[in-house]
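S.K.: Before I ask anything, here is the structure I am working with.
The values are calculated or read from the model by the stated rules, or taken from the named source; none is laboratory data. This is a predicted model, so every value here is computed, not measured. Because the Cβ atoms are built from the backbone with ideal geometry, glycine has one as well, and the counts that use them run over all protein chains shown. Note: areas computed on protein heavy atoms with side chains; ligands, DNA, RNA excluded. Shrake-Rupley method; radii C 1.70, N 1.55, O 1.52, S 1.80 Å.
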Amino acid sequence: MKTLSRAEVVAQVLEGVPRGEARPSAEAFAPANIALCKYWGKRDEQLNLPITSSLSIALGRLGTRTELSVVEGPDRFMLNGEPVADGQPFAVKASAFLDLFRPRSGLGFDVRTVNTVPTAAGFASSASGFAALVMAMDRLFGWGLDGARLSILARLGSGSAARSVFQGFVEWHAGSRADGMDSFAAALPNRWPDIRVGLVRVHTGAKPIGSREAMRRTVATSTLYRMWPDRAAADLETLRAAIACRAFKVLGETAEGNALAMHATMIDTRPAVLYWLPGSIAAMQRVWALRSEGRPVYFTMDAGPNLKLLFLRDASEAVAGHFPDIEIVQPMDATTTA
Ligand code: PMV
């Protein structure tokens with residue numbers, strides 16, 4: 001089967017969907033998500049099809065709210081209340097994505113986006129951003145797509161956006177089809193109200209290399225990456241079971257080990273990709289010190305130097321005592337933090 005373009009996939013997803021007049025405007029919110037079993041490596045770069053399945057936890061009320069309307073002329077963007085100038089990477093990437101959905105040429109979108117993920121904290125908002133955009137578009141055009149189809153469309157913007165269409169624990173099934181119609185996320189039925197995620201800021205400057213290029217380089221040159229598909233499959237299964245029976249130690253150990261294994265494949269690339277800074281390692285050591293004192297606290301890290309801590313509600317105070325600038329998120333509550 002030949003590789004499809006993003007436009008062909010959009011046409012396939014929207015086949016048979018009523019395409020009436022757009023409403024005047026529509027709004028949607030999508031949560032950010034943190035992977036416990038990471039997505040690292042694409043089998044199709046155009047369609048953001050992953051080599052392995054992944055599993056994440058959504059960040060509740062932290063994410064992106066987007067309001068959308070159709071306008072005459074070019075696209076207009078407001079990000080956190082400020083206009084985004086033409087040519088800015090945000091505008092270029094978003095317009096290229098919106099090209100896939102324009103009712104006719106000459107029409108643009110007015111996009112007003114607010115990130116409730118603390119932007120100063122250096123945590124990526126592209127996953128919740130693309131998910132919120134697709135969900136707002138679904139309402140604007142009245143498509144009424146199900147979660148799987150929204151997830152496929154969000155994936156075309158950014159891989160991890162496939163998971164941001166849902167709250168709670170979310171599994172993104174890698175799928176095997178060349179057109180990616182079986183590569184979408186679904187929410188797990190399990191809830192775990194006591195789970196907490198702590199956002200630890202180490203550095204907020206620009207990354208040395210984006211995740212797309214880093215993944216490409218890892219898949220192409222890392223010998224260690226050959227172990228990744230089996231490792232990810234085993235970790236995913238362990239995590240699913242840990243979530244089902246609320247085995248926190250197993251969840252924490254597996255998520256931390258999975259993140260470190262992903263970073264090991266990056267370090268093994270030529271030239272090496274290393275997102276860690278001295279502050280990242282200091283924070284890891286603080287987590288390990290807390291654990292040696294009997295506190296079940298674990299970390300995970302993505303394509304950047306910041307840490308995300310995993311712990312249970314009763315450890316919140318102790319964790320905050322050791323990480324004074326931490327932002328503690330209550331993932332299973334979409335309205336409050338604690
Ligand atoms: O969706 P992207 O292209 O930004 O890639 C995200 C990759 C990681 O954040 C490192 C892992 C993940 O599963 O979210």
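S.K.: To the nearest 500 deg cm²/dmol, what mean residue ellipticity at 222 nm is calculated for the chain from DSSP H runs of n ≥ 4 alone, each contributing -39,500 (n - 2.57), summed and divided by the residues?
M.R.: -10500 deg cm²/dmol
S.K.: With Cβ to Cβ distances under 15 Å as the rule, what net charge do the other residues near G279 carry (K, R +1; D, E -1)?
M.R.: Neighbour charge sum, excluding G279 itself: +3.
S.K.: Distance between Cα centroids, region 162-182 to region 210-233: provide it in whole Å.
M.R.: 19
S.K.: OK, next. If I compute solvent accessible area with a 1.4 Å probe over the protein chains, what percent of it on the chain is carbon and sulfur?
M.R.: Percent of accessible area from carbon and sulfur atoms in the chain: 53.
S.K.: Additional query: Can you tell me how region 1-127 classifies by the Cα gyration tensor, rounded, prolate or oblate, using a/c under 1.5 as the rounded cut?
M.R.: The shape class here is oblate.
S.K.: Expressed as a whole percent, how much of the Cα-Cα distance distribution for region 274-338 exceeds 16 Å?
M.R.: Every Cα pair in region 274-338 considered, those over 16 Å come to 46 percent.
S.K.: For the chain, what is the accessible area per residue in Å² when the probe is 1.4 Å?
M.R.: Averaged over the residues of the chain, the accessible area is 43 Å².
S.K.: So, one more: Calculate the length of the line joining the C-alpha centroid of region 235-271 to that of region 26-50, in whole Å.
M.R.: The distance from the Cα centre of region 235-271 to that of region 26-50 comes to 17 Å.
S.K.: If you count, for each residue, the other Cβ atoms within 10 Å and average over each peptide, how do 65-73, 104-112 line up from highest to lowest?
M.R.: 65-73, 104-112
S.K.: Could you bin all the Cα-Cα distances of region 171-250 into 5 Å bins starting at 0 and give me the percent of pairs in each, rounded to whole numbers?
M.R.: Bins of 5 Å from zero give 3, 10, 12, 16, 19, 19, 16, 6, 0 percent of pairs.
S.K.: While we're here: For every other residue with a beta carbon closer than 12 angstrom to the beta carbon of K207, add +1 if it is Lys or Arg and -1 if Asp or Glu, then tell me the sum.
M.R.: In short, -1.
S.K.: Another question, then. Write down the radius of gyration of region 128-224 and its Dmax, each obtained from C-alpha positions, in Å.
M.R.: Considering region 128-224 through its Cα atoms, Rg and Dmax are 16.1, 47 Å.
S.K.: Kindly state, as a whole number, the per residue volume in cubic angstrom of the convex hull around the alpha carbon atoms of region 186-338.
M.R.: Expressed per residue, the convex hull around the Cα atoms of region 186-338 is 132 Å³.
S.K.: Can you tell me the relative contact order of the chain? Whole percent, Cα pairs under 8 Å, sequence separation 6 or more.
M.R.: 21
S.K.: What pairs from K38/K207; K2/K207; K38/K93; K42/K93 go past 29 Å between their alpha carbons?
M.R.: Checking Cα-Cα distances, K2/K207 exceed 29 Å.
S.K.: Place the peptides 75-88, 321-334, 41-54 in order of packing, highest mean first, counting for every residue the other Cβ atoms within 10 Å and averaging per peptide.
M.R.: 41-54, 321-334, 75-88
S.K.: Pick from A315, A259, A283: which is most flexible by mean-square fluctuation in a GNM of the chain where alpha carbon atoms under 10 Å apart are linked?
M.R.: Of the options given, A315 has the highest mean-square fluctuation.
S.K.: Principal axes first, then extents: for the Cα atoms of region 71-112, list largest minus smallest coordinate on each axis, whole Å, largest first.
M.R.: Ordered largest first, region 71-112 gives principal extents of 27, 17, 13 Å.
S.K.: In region 166-228, with Lys and Arg counted as +1 and Asp and Glu as -1 at Cβ, which of these residues, W192, S222, A174, has the Cα nearest the positive end of the dipole, that is, farthest along it?
M.R.: After comparing all options, I get S222.
S.K.: Right, here's the next one. Per residue, how big is the convex hull around the C-alpha atoms of region 57-211? Give it to me in cubic angstrom, could you?
M.R.: So the per-residue hull volume is 139 Å³.
S.K.: Which value, in nm² and rounded to one decimal, describes the direction-averaged projected area of the C-alpha convex hull of the chain?
M.R.: With the hull built on Cα positions only, its mean projection is 17.0 nm².
S.K.: Further, regarding this structure: Would you mind counting up the charge near L107? Only other residues with Cβ under 15 Å from its Cβ, with Lys and Arg at +1 and Asp and Glu at -1.
M.R.: So the surrounding residues net to 0.
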